[in-house]
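Each remark here refers to the structure printed beneath this line.
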Protein chains: 2
Amino acid sequence: MANISSRAVRMPASAIRKLVPLSDAAKASGVKVYHLNVGAPDIKSPACALDAVRSNSMDHISYTNSAGLIELRRDMCAKYYNKIGIDLQPKDLLMTVAGSEAVDMALRITCDSGDELIVMEPYYTNYNTFCFMNGITLKAVPTDIRDGFKVPPMSEFEKLVTPRTKAILISNPGNPTGTLYTKEEVLALGELCLRHDIFLISDEVYREFCYTDQPHFSAMNIPGAERNVILVDSVSKRYNLCGCRLGCIASKNEEVMAAAMKYAQARLCPPVYGQVAALGALDTPAEYFDAVKEEYIRRRDFTVKALNEMPGVFSPLPMGAFYTIAEIPVDDAEAFCRWMLTEFRIDGETTMVTPAASFYKTPGKGINHVRIAYVLEVEELKKAMNIFAKGLEAYPGRTV
Amino acid sequence: MANISSRAVRMPASAIRKLVPLSDAAKASGVKVYHLNVGAPDIKSPACALDAVRSNSMDHISYTNSAGLIELRRDMCAKYYNKIGIDLQPKDLLMTVAGSEAVDMALRITCDSGDELIVMEPYYTNYNTFCFMNGITLKAVPTDIRDGFKVPPMSEFEKLVTPRTKAILISNPGNPTGTLYTKEEVLALGELCLRHDIFLISDEVYREFCYTDQPHFSAMNIPGAERNVILVDSVSKRYNLCGCRLGCIASKNEEVMAAAMKYAQARLCPPVYGQVAALGALDTPAEYFDAVKEEYIRRRDFTVKALNEMPGVFSPLPMGAFYTIAEIPVDDAEAFCRWMLTEFRIDGETTMVTPAASFYKTPGKGINHVRIAYVLEVEELKKAMNIFAKGLEAYPGRTV
């Protein structure tokens with residue numbers, strides 16, 4: 001029998017999904033599982049997006065341009081980017097199969113096999129997966145949970161820069177940390193990239209999920225860095241349309257966009273119904289986002305307060321996205337998460353979170369960290385956090 | 001300014017789309033262009049698929065399982081594969097972002113960088129693109145337009161097999177040739193793959209577009225080759241839902257499917273509305289396909305007859321898909337296609353076809369071939385073929 005490739009064998013399995021068989025087994029035995037493990041929000045999609053799909057009059061779903069419908073690219077600029085102060089024209093952006101494809105394209109466009117990419121750890125675990133798939137070496141600058149994972153001094157990045165470094169990739173606000181970077185931090189990263197003549201890939205899919213009055217500062221607005229910055233964005237994430245799989249890659253660098261078009265043509269076109277939903281979503285009223293933010297602030301405040309009230313637990317207060325990383329008093333967070341799913345129940349219920357070690361490159365780092373996605377209503381979060389706290393108290397591997 | 005990667009520079013541009021700027025310019029100047037260059041059919045999608053999307057009651061478009069909705073995978077087996085005699089269970093297949101992603105996954109799963117893949121030329125040009133993207137060397141067995149591009153003797157494949165050969169990839173029925181392979185041909189390829197212990201990747205996205213009474217023989221039904229065969233399929237192509245971007249990869253080899261799942265998880269999930277459309281499409285009545293086949297047979301018969309009546313032109317009679325390759329009496333088919341778009345008009349109209357040299361690996365082969373997609377109604381085809389014939393007569397670079 002034929003053997004599969006070595007790269008398919010070595011391909012990392014999803015760290016976020018690897019405990020799913022255990023939660024499936026728990027559920028099969030009648031246990032209710034509170035899912036704080038995946039960033040799959042329960043918030044309703046905007047009615048205008050859903051209506052656009054339901055009321056479409058297409059009698060034939062044909063290919064669109066590989067870059068997406070021109071009217072969508074125009075509306076993305078006029079109704080969204082230009083309104084929030086990001087100067088993009090339709091030629092500067094290309095619709096992708098969600099943020100995932102945009103990250104993959106940005107990596108292929110900036111890095112050859114054997115090149116190096118710098119990220120801050122903890123990072124979105126699929127950054128590492130896409131690096132693996134493209135033969136790129138991921139190097140990680142450590143950040144510190146105690147200061148809320150803020151951007152370390154540029155000297156820490158300088159230490160990792162080699163002639164093979166081609167780009168820095170940031171997630172702002174961050175998955176898995178929820179950290180929102182300041183304008184000064186983004187400008188400093190831009191200056192570093194300009195100085196070394198490397199790319200800054202800025203994943204801003206959580207841009208509309210910011211919980212401060214300080215406006216989000218996009219890497220697209222770093223003065224003088226127009227040709228170095230590549231934006232990764234997601235329509236489906238922004239409008240709670242995750243399953244639509246629609247995002248974009250954008251840059252003022254024409255070489256980058258010409259290369260993106262070649263990759264886009266190889267897969268023919270982005271999903272049409274997702275594009276139709278996006279056209280509708282661009283009319284989402286501001287009140288929708290106000291309500292979503294209010295809701296997430298309530299959930300975040302509850303979750304982070306509950307965590308910090310648990311003995312030996314620490315979580316910073318994240319200012320964006322819908323995640324937080326918590327340090328917990330155990331030797332091995334993955335073993336704890338497994339135990340919660342297989343052993344611990346309160347009234348036939350348990351809580352699932354994601355062990356965070358796989359978000360770190362440095363061996364041993366994050367071993368006692370978990371990522372918590374606060375994507376449930378507060379009443380549900382109360383039950384989930386209570387079970388989590390009681391589980392931690394009862395856990396045989398507790399360290400304090 | 002930062003430089004893009006060498007692989008992005010070397011990435012092949014779409015051969016099929018590279019003349020699009022010329023057709024855009026022609027159209028901008030008021031010329032009507034008959035598009036026989038892309039396989040974008042004008043046939044209406046099944047009403048049951050469109051209705052499934054319009055009548056959906058989802059208020060939140062969330063992620064599905066990375067392998068696709070389980071009910072869709074079940075229905076794919078029960079309502080489609082099992083009915084046409086292909087024994088697949090839900091665990092044997094995983095929904096993909098159309099046939100494109102399924103090809104890409106199949107290549108990554110079977111071949112490491114530096115490995116070799118054998119195809120028959122002329123081949124679907126993106127096979128070469130996906131090989132390039134994955135560092136795989138494409139090797140091509142020549143076929144002959146004069147015998148309708150049938151599968152050459154196995155000895156021709158043997159000549160190309162080396163220790164680095166990991167798979168043979170076929171398209172059946174074929175794009176760009178329209179050739180339908182016989183059961184004997186498919187069995188011979190299976191036997192060869194078993195003997196060398198390599199994979200047979202069978203791209204059957206045009207399975208329902210066959211114009212003979214001889215049933216299509218799927219590579220999934222080669223006895224004893226269960227662990228060597230990987231099926232690439234497309235729901236969106238089959239049901240004239242091209243823009244939905246939904247297909248699948250299938251195999252009885254669990255290692256293959258476990259690897260496919262890792263790749264699937266990296267991009268989170270296939271497009272949800274495409275999955276909803278697919279669930280609806282599976283109820284498409286047999287009459288829909290009967291009518292589609294009848295229509296394509298009319299178009300094919302007209303097109304191939306018209307071609308063979310042109311002096312110096314030869315086209316075989318394709319038995320599947322909606323393409324044919326024609327040999328035309330010119331030095332360089334690409335120059336002719338450009339000239340048609342820039343210079344030649346009849347009553348302000350011209351015809352666009354695809355030069356076929358890029359479907360060949362062997363230098364110089366196919367230089368006087370074009371691919372014609374018969375995806376317009378016969379009345380339109382009549383006008384398009386008339387312009388094509390007149391253009392060939394008038395072309396200064398005509399060789400006979």
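Nothing in this text is a laboratory measurement; each read-out follows from the coordinates by a stated rule. Because the structure is predicted, anything quoted here is derived from the model rather than measured. So basically every Cβ, Gly included, is an ideal-geometry build from the backbone, and we count neighbours across all protein chains shown.
Over the whole of A:9-17, what's the average partner chain Cβ count within 10 Å per residue? Rounded to a whole number, please.
Taking the mean over all residues of the peptide, I get 5.
Rounded to two decimals, what ratio of Rg to Rh does chain A give with C-alpha atoms and a Kirkwood Rh?
Radius of gyration over Kirkwood radius for chain A works out to 0.96.
For chain B, calculate the relative contact order in percent as a whole number, restricting contacts to Cα pairs under 8 Å that are 6 or more residues apart.
So the answer I get is 24 percent.
Could you tally the net charge around A:Met154, taking each other residue with its Cβ under 12 Å from the Cβ of A:Met154, Lys/Arg +1 and Asp/Glu -1?
Counting the neighbours of A:Met154, the net charge comes to -3.
Considering Cα pairs under 8 angstrom that are at least six residues apart, work out the relative contact order of the range A:238-332 and quote it in whole percent.
Rounded, it is 18 percent for the range A:238-332.
With a sphere of radius 15 Å drawn around the Cβ of A:Pro355, what net charge do the other residues whose Cβ falls strictly inside it have (Lys, Arg +1; Asp, Glu -1)?
Details: positive: A:Arg17, A:Lys18, A:Arg338, A:Lys365, A:Arg371; negative: A:Glu121, A:Glu327, A:Asp331, A:Asp332, A:Glu334.
Neighbour charge sum, excluding A:Pro355 itself: 0.
Cα atoms only, the range B:291-400: Rg and Dmax in Å?
Computed over the Cα atoms of the range B:291-400, radius of gyration and Dmax are 13.5, 41 Å.
For chain B, find the longest principal axis of its Cα atoms and tell me its angle to the long axis of helix B:254-266, 0 to 90°, nearest 10.
Rounded to the nearest ten degrees, it is 70.
At A:Arg10, with labels set 7 Å past Cα in the Cβ direction, how many nm apart are the copies from this one, shortest first?
Copy-to-copy label distances for A:Arg10: 1.9 nm.
How would you classify the range A:1-145 from its alpha-carbon gyration tensor, with a ≥ b ≥ c the square roots of the eigenvalues: rounded for a/c under 1.5, else prolate if a/b is greater than b/c, otherwise oblate?
The shape class here is oblate.
Can you give me the relative contact order of the range A:285-356 as a percent, contacts being Cα pairs under 8 Å and 6 or more apart? Could you put the intermediate results ahead of the total?
On the way: 51 pairs, mean separation 13.7, N = 72.
19 percent.
Of the chymotrypsin sites (Phe, Trp or Tyr not before Pro) in the range B:147-219, which ones lie in a loop per DSSP and count no more than 13 other C-beta atoms within 10 Å?
Values: sites: B:Phe149, B:Phe157, B:Tyr181, B:Phe199, B:Tyr206, B:Phe209, B:Tyr211, B:Phe217; in loops: B:Phe149, B:Tyr181, B:Tyr206, B:Phe209, B:Tyr211, B:Phe217.
Here no chymotrypsin sites (Phe, Trp or Tyr not before Pro) fit, given the DSSP loop and packing criteria.
Which whole-number value in Å³ per residue fits the convex hull of the alpha carbons of the protein assembly as shown?
Normalising the Cα hull of the protein assembly as shown by residue number yields 159 Å³.
Using the per-residue mean of other Cβ atoms lying within 10 Å as a proxy for protection, in what order, highest first, do the peptides B:342-352, B:39-49, B:229-239 fall? Don't skip to the end; give the middle numbers.
Details: B:342-352: 16.9, B:39-49: 19.5, B:229-239: 27.0.
Put in order of decreasing packing, that is B:229-239, B:39-49, B:342-352.
What trypsin sites (Lys or Arg not before Pro) does the range A:88-185 have in DSSP loop regions with at most 13 other beta carbons within 10 Å?
The qualifying sites are A:Lys159.
For A:Lys150, give me every one of the lysines with a C-alpha distance below 25 angstrom, ignoring sequence neighbours fewer than eight places off in its own chain.
A:Lys139, A:Lys159, A:Lys166, A:Lys183, A:Lys237, A:Lys293, A:Lys305, A:Lys361, A:Lys365
Please state, to two decimals, what the Cα-based radius of gyration of the range B:47-281 comes to when divided by 2.2 N^0.38 Å (N = residues).
Dividing the Cα Rg of the range B:47-281 by 2.2 N^0.38 Å gives 0.99.
Under the convention of a label 7 Å out along Cα→Cβ, give the distances in nm from B:Gln214 to the same position in every other copy, shortest first.
7.1
Taking the highest mean first, how do the peptides B:5-17, A:244-256 order by number of other beta carbon atoms within 10 angstrom per residue?
The most tightly packed comes first, giving A:244-256, B:5-17.
Grab the other residues whose beta carbon is less than 11 angstrom from that of A:Arg338, score K and R as +1, D and E as -1, and report the net.
Result for the local shell: -2.
Given label points at 7 Å from Cα along Cα→Cβ, what nm distances, shortest first, separate B:Met154 from the same residue in every other copy?
So the distances to the same position in the other copies read 6.5 nm.
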